[in-house]
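The numbers here are math on the coordinates, done by the rules we state, and not lab data. It should be emphasised that the depicted structure is a prediction, and the values quoted were computed from it without experimental measurement. For neighbour counting, all protein chains shown are included, and Cβ atoms are generated from backbone atoms with ideal geometry for every residue, glycine included.
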């Protein structure tokens, strides 16, 4: 009988399996090692993916924790989120007063405008006068670091035209820019001169109560109007005879960092000192302004080289 078409006859398999050869065993071992290596690599890749996902999830949390830590550190270092009281005012030492009010003219002449950084601006309103003399109006605050810097040249300059009494020593706020800047205070002080008049008001102390600096003095209505309209209620405000305005420190207050009143005052007689270059340079400018305002000012002052140098930085009327 012939075989049927359409299919192949089944082939019976062997009834036994022979043992693998050495070559087969070697290939099998290699495959197992490769499989194990792939499994390890896959697990490592999975760990990287899980780690990246964890970083993405935790990064915002870590950033938030870091911000909180910084805020806590700032709060601890400052002791408060608001202003802090400074060292209370005391009468100025006589040695300090003498050094500031009697800076050697030769030193002032040698320095000229020194390290002056801020020039006055011109005012076009009515002249500021008192008893026929040009009047200087200073409005400051004991906590204010820029006021702290500006009082030094103001006292140096006006001492060439008259006499201060009752000057005090104080430091600016410990929680503001240029913290604890040593300075003089004009609160309670008086000034006499036949050339120029001075109105000096320290509106606030450096003492804090209820989260704000405590008031010291008030301005009369006319000076209050000038302070608001011309000075924009900013400290310091220095109006020289209604002709010149100084609304900032004339130099970088940072030059006074870490110095006491005694150290600052003593440095004024050294023409190579950065403190002398800053303060005396600004003082020569203020002196020059007063010389242009006063009637018959002292010639030995107003024709000195330092003051003539200060005249060059005054604005045109």
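A few points about this structure:
- Paramagnetic reach from residue 87 (point 7 Å along Cα→Cβ, amide N under 15 Å) across region 262-291: 262-266
- Here the relative contact order of region 90-311, from alpha carbon pairs under 8 Å that lie six or more residues apart, stands at 33 percent.
- Region 244-317, relative contact order [Cα under 8 Å, separation at least 6], %: 27
- Pairwise label distance in nanometres, residue 229 with residue 303, each label 7 Å out on the Cα-Cβ vector: 3.9
- Residues in region 208-243 that a label on residue 124 would reach, taking backbone N under 16 Å of a point 7 Å out along Cα→Cβ: 230, 242-243
- Over region 160-317 - Rg/Rh using Cα atoms and the Kirkwood inverse-distance radius: 0.95
- Descending by average beta-carbon neighbour count within 10 Å, the peptides 274-281, 179-186 line up as 274-281, 179-186, the highest first.
- For q = 0.11 Å⁻¹, Debye-computed log10 I/I(0) when each Cα of region 215-298 counts as one equal scatterer: -0.43
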